[in-house]
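One structure is given below, encoded as structure tokens.
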Amino acid sequence: MVIVLGGGLSGLSAGYYLLKRFGKPAAIFESSNRLGGWIRTENHPDKGFIFEAGPRTIRPRGAAGANTLEMIEDLHLPTESIRSTHIAAKNRMIYAKGELCLLPNNLGGIFATRPPFSKPLYTALFHDLQASSKKIKYGDESIYSFVKRRFGSELADYAISPMICGICAGDAKEISVRFLMNDMFETEQQYGGVVKGFFLSKLKGRKEVRDGHINSPGIFAENMPSLYQRAVKERWSMYRLIDGLETLPKALETYLRSRNIEINLSSECSKILFDDDGVRLKIRDTMVLAEHAISSIPSYRLAACVKDQHPGLAGQLLAIPYVNVAVVNLQYSGDNLLPQRGFGFLVPPIERRPILGVIFDSCCFEMGENTVLTVMMGGKWFEEYFGQNPTKKDLLDIALKEVEDILGICQEPRFSRVHILEKCIPQYNVGHKQVVEGIRRYIEHYNLSLSVCGAAYDGVGINDVIMSARTNVENLSFS
């Protein structure tokens, strides 16, 4: 039997793909009293709105996006899309220099000078052409350093830094360029510049097509999922599940239980021991024997489980840091309170404000006569702004003050919810790729009956953690 540790989205997905590929008996052990991990939906159908404490939308991009849509289609879950022409897809903002700044949303926008930038964005391309090439020691640098070096400090401060806040609540001056711009970094290292490399690689690509050297495009080389084909045809920018994102882990739970997959709640693993027969796991003071274990739990929790027998592996797992995030959901009466409609705004760290950004939920999807906002707070700067143990009231008061100062909404919300998500997002700091490679190399070297999947290793997005589970399952072989 294969055991999956963790009942978040990656763990449930691992159970799903184990069933699809092997039809093998499997058991999932989750330490908390609920499934879904950081995905948590609070539905208020009588009032016409939804609160999401975690992610709320999914992007239908690339093979990983197609993979998620294939799962959603298989589970028969209804979706609601935002097309590229929707205001939430077009209008994305940052708060900088005392005002909400609308970011360019078309090609023409890069030729105009718009705040907070002091010159048109197209000039950043000339900066890249003029910048000297630099071979980076150890093959990695911060995404901030890379963007500043190639495109200038304004783009690093007011575009990339807030983007990293929105994606992983991290500091762009610490996050690896390979986290978000690996292809661009590789292009620069190979050709000496990003723009130069883009055109040279295009020319090389055309030659390879003529010579017949292009490889097939991954897991969907034969046929893309029909829902993905529809998303491409209809130009989806993003989508959600009709009753909130938590319907996905709930549907996976139903699917797995109906096929005799054992799912155990309040079942924390405290020790893992490996031997020639497979793996033994101590769960609620009982030793459970398995042929193989797939860990989707946070890397620091896995480290605590393996430290006695494999302290070297534990040390590498502990090298991945995590941050705390506070999420404040707010519902106001009236649907016309926002000064500018759009997806929301992010706040560059250089502004020194105690929030990461605000999502305009009621602009993205229909929520009746309500203005619904989600304020994201903390991340890398959680303790700096809020101390070690802020109360939920403290965080709510700060969120309301920021909403009033930036958006001009002075009325009290009719309903609010505060979640403190402790150590919820792993940080892909400089050198992270090498850390993950080292972890997997250790597991392979010692022939451990263990796979690791999830946000700590293969990306923090919904598509990433599902694809991580699939890839790890497909790498298994059983006699």
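Overview of results
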item: Out of Ile409, Ile420, Ile425, sole residue that is more than 17 Å from Trp381 (Cα to Cα) and in contact (Cβ under 8 Å) with a residue 24 or more places away in the chain; result: Ile409
item: Boolean, Thr41 is of a type in the set (Val, Ile, Thr), at negative phi and at pLDDT below 95; result: no
item: Count of segment 464-479 residues which are surrounded by fewer than 21 Cβ atoms within 10 Å (Cβ to Cβ) and not β-branched (Val, Ile, Thr); result: 7
item: Test: residue in segment 16-27 that is open to solvent by 30 Å² or more (accessible area, probe 1.4 Å), part of a strand (DSSP E or B), touching a helix residue (DSSP H, G or I) at 6+ places or on another chain (Cβ under 7 Å) and not acidic (Asp, Glu); result: no
item: Total residues in segment 359-390, condition without any contact (Cβ under 8 Å) to a residue 40 or more places away in the chain and under 18 Å from Arg40 (Cβ atoms); result: 0
item: Breaking point among (1) within 21 Å of the chain's Cα centre (by Cα); (2) outside any loop (DSSP other than H, G, I, E, B), for Asp128; result: (1)
item: All positions within segment 148-164 that are within 21 Å of the chain's Cα centre (by Cα) and within 17 Å of Gly193 (Cα to Cα); result: Ala156
item: Condition met for Gln316 (more than 24 Å from the chain's Cα centre (by Cα), not in a loop (DSSP other than H, G, I, E, B) and not small (Gly, Ala, Ser)); result: no
item: Residue count for segment 344-370, restricted to those that are over 16 Å from Glu404 (Cβ atoms), outside any helix (DSSP H, G or I) and of a type in the set (Val, Ile, Thr); result: 1
item: Conditions (1) in contact with a Lys or Arg (Cβ under 6 Å, 6 or more places away or on another chain); (2) touching a residue at least 12 places away in the same chain (Cβ under 8 Å); (3) open to solvent by 10 Å² or more (accessible area, probe 1.4 Å): number failed by Gly334; result: (1)
item: Test for Val347: is it touching a His at 6+ places or on another chain (Cβ under 6 Å) and crowded, with 21+ Cβ neighbours inside 10 Å; result: no
item: Residue identified as in contact with a strand residue (DSSP E or B) (Cβ under 9 Å, 6 or more places away or on another chain) and either more than 22 Å from Ser449 (Cβ to Cβ) or not assigned by the TED database to the domain that holds Pro25 (or both) among Leu252, Leu265; result: Leu265
item: Given (1) assigned to a strand (DSSP E or B); (2) under 30 Å from Leu338 (Cα atoms); (3) open to solvent by 20 Å² or more (accessible area, probe 1.4 Å), number of the condition Cys410 does not satisfy; result: (1)
item: Residue check, Phe126 among the aromatic types (Phe, Trp, Tyr), open to solvent by less than 20 Å² (accessible area, probe 1.4 Å) and not assigned by the TED database to the domain that holds Ile462; result: no
item: Filter result (in a helix (DSSP H, G or I) and either open to solvent by 20 Å² or more (accessible area, probe 1.4 Å) or in contact with a Ser or Thr (Cβ under 9 Å, 6 or more places away or on another chain) (or both)) within segment 433-453; result: Lys433, Gln434, Val435, Glu437, Ile439, Arg440, Arg441, Tyr442, Ile443, Glu444, His445
item: Residue satisfying all of: in segment 59-72; part of a loop (DSSP other than H, G, I, E, B) and closer than 17 Å to Leu9 by Cβ; most open to solvent (accessible area, probe 1.4 Å) among these; result: Arg59
item: Thr41 being open to solvent by less than 60 Å² (accessible area, probe 1.4 Å), in contact with a strand residue (DSSP E or B) (Cβ under 9 Å, 6 or more places away or on another chain), among the β-branched types (Val, Ile, Thr) and farther than 30 Å from Glu402 by Cα; result: no
item: Ala456 closer than 25 Å to Phe49 by Cβ and open to solvent by less than 20 Å² (accessible area, probe 1.4 Å); result: no
item: Selected residue (criterion: surrounded by the fewest Cβ atoms within 10 Å (Cβ to Cβ)) from residues of segment 264-281 that are at negative phi and among the small types (Gly, Ala, Ser); result: Ser270
item: Matching residues, segment 73-88, being assigned to a helix (DSSP H, G or I) and either touching a helix residue (DSSP H, G or I) at 6+ places or on another chain (Cβ under 7 Å) or at positive phi (or both); result: Glu73, Ile87, Ala88
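The values are calculated or read from the model by the stated rules, or taken from the named source; none is laboratory data. Here the structure is a predicted model, which means the values were calculated and not measured. Note that each Cβ is placed from the backbone with ideal geometry, even for glycine, and that neighbours are counted across all protein chains shown. Note: accessible area is taken over every heavy atom of the protein model, side chains too, but ligands, DNA and RNA are not part of it. Shrake-Rupley method; radii C 1.70, N 1.55, O 1.52, S 1.80 Å.
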